[in-house]
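Notes to accompany the following structure.
The values are calculated or read from the model by the stated rules, or taken from the named source; none is laboratory data. Because the structure is a prediction, the values reported are computed rather than measured. For neighbour counting, all protein chains shown are included, and Cβ atoms are generated from backbone atoms with ideal geometry for every residue, glycine included.
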């Protein structure tokens, strides 16, 4: 994933993941609009659960912006938010799995379960079912 910075009147904003919004554009076209590829320099060690990256120094070159990142401790609110998002994702995954298993049980009890459906049920029970499996 290539990150970019926007330079406006010598002030650097970003870095950002611009993704498809810059697809097909040449480096020259991007630079004309003040958008530069970013080279990110980070400290060697990092603990995602307790730390976050912050850009603290920018160096604008002819065709790239060098961003030096520093790390700082996350606030308790930021840590709690991460834990809440993980818990929510787990709850949603369990609810999806439970819905699949309940539906499968209905088919099983009606004697209408195919071998392919049994395979999906086994994946769901082990928590390994993906959306690709469902729509294949």
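Scanning the stretch 81-101 for residues that are surrounded by 11 or more Cβ atoms within 10 Å (Cβ to Cβ) and more than 16 Å from residue 47 (Cβ to Cβ) returns 81, 90, 93, 94, 96, 97, 98, 99, 100, 101. Is one or more of the residues making up the stretch 29-42 at pLDDT below 90 and within 24 Å of residue 73 (Cα to Cα)? Yes. Of everything listed in (1) modelled with pLDDT of 90 or more; (2) under 15 Å from residue 72 (Cα atoms), the single unmet condition for residue 59 is (2). Only residues that are surrounded by 11 or more Cβ atoms within 10 Å (Cβ to Cβ) and farther than 30 Å from residue 9 by Cβ were counted in the stretch 56-80, giving 5. Screening the stretch 1-40 for residues that are surrounded by 11 or more Cβ atoms within 10 Å (Cβ to Cβ) and over 19 Å from residue 59 (Cα atoms) and picking the one that is farthest from the chain's Cα centre (by Cα) gives 29.
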